[in-house]
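Report on one structure; see the data block that follows.
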Amino acid sequence: MRNGQPFEVVPLAASEYPRAGRLLGGAFRTDPLWTAVISDSVRRPEMLVRMFTALIKTTVVAKGVVEKTPGLEGVALWIPPGRDMGPWAMARAGFAMPRFIMRLPRSDRDRMMSALRQVGERREALMPEPHWYIAAIGVDSESQGMGFGSALMRHGIARADRDEAPIYLETETERNIAFYQKLGFDVIEEFTPGGEGVQMWLMVRQALSTRP
């Protein structure tokens, strides 16, 4: 909140993709999953920036929603029901994500592709119905705890409620669970991708029409 008013949420401009990629890369710099699959601790921050910049581009061409707070304190990437970041979106984004993955060392590349495949398979199994998917959400380290993340989430939740659609997300950071639970999410499965030893919590906020 600022001056008693909720933070505004607005679309991310194309000119802001690099800055947003840096923000998300910084927000996930200690994330257990990316720490496990990107072994080079020195280059990991730079590689995460490249990865999230590629993810932003791919989300946009997949007709997803990329939003920010006005001062770019936080960014959220949403994939709508019926959309995905499949081969067509990858191609339209200039193969940004595949090019990033192929530049990784072989062992890291294999770990990342395996983890992404397993996470995708669990999403397909748990959420066969149309749903909103939170591909990524992050807040700049200097702005955390000020309500920016909640503003981005509540804006997306309101949109999903208008669509009468559920929302699905994964988190591999245990302290995030309580944050999402306060917003109406429930843990539906605890999952550890094979070979990585990283625990993940798969969470859903049911459609408004089905909530008690």
Candidate set from segment 136-147 (those that are outside any loop (DSSP other than H, G, I, E, B) and modelled with pLDDT under 95); member that is least open to solvent (accessible area, probe 1.4 Å): Ser143
Tally, over segment 62-113, of residues that are of a type outside the set (A, V, I, L, M, F, W, C), in contact with a strand residue (DSSP E or B) (Cβ under 8 Å, 6 or more places away or on another chain) and within 16 Å of Tyr133 (Cβ to Cβ): 4
Test set (1) assigned to a helix (DSSP H, G or I); (2) at pLDDT 90 or above; (3) hydrophobic (A, V, I, L, M, F, W, C) - Ile101 fails condition number: (2)
Given (1) in a helix (DSSP H, G or I); (2) open to solvent by less than 30 Å² (accessible area, probe 1.4 Å), number of the condition Pro45 does not satisfy: (2)
Qualifying positions in segment 14-37 - out of contact with any helix residue (DSSP H, G or I) (no Cβ under 6 Å at 6 or more places or on another chain), among the charged types (D, E, K, R) and in a helix (DSSP H, G or I): Glu16, Arg19
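The values are calculated or read from the model by the stated rules, or taken from the named source; none is laboratory data. Quick caveat: nothing in here was measured; it's all calculated off a predicted structure. Every residue, glycine among them, receives a Cβ derived from its backbone with ideal geometry; neighbour counts consider all protein chains shown. These area figures cover heavy atoms from the full protein model, side chains too; ligands, DNA and RNA do not enter into them. Shrake-Rupley method; radii C 1.70, N 1.55, O 1.52, S 1.80 Å.
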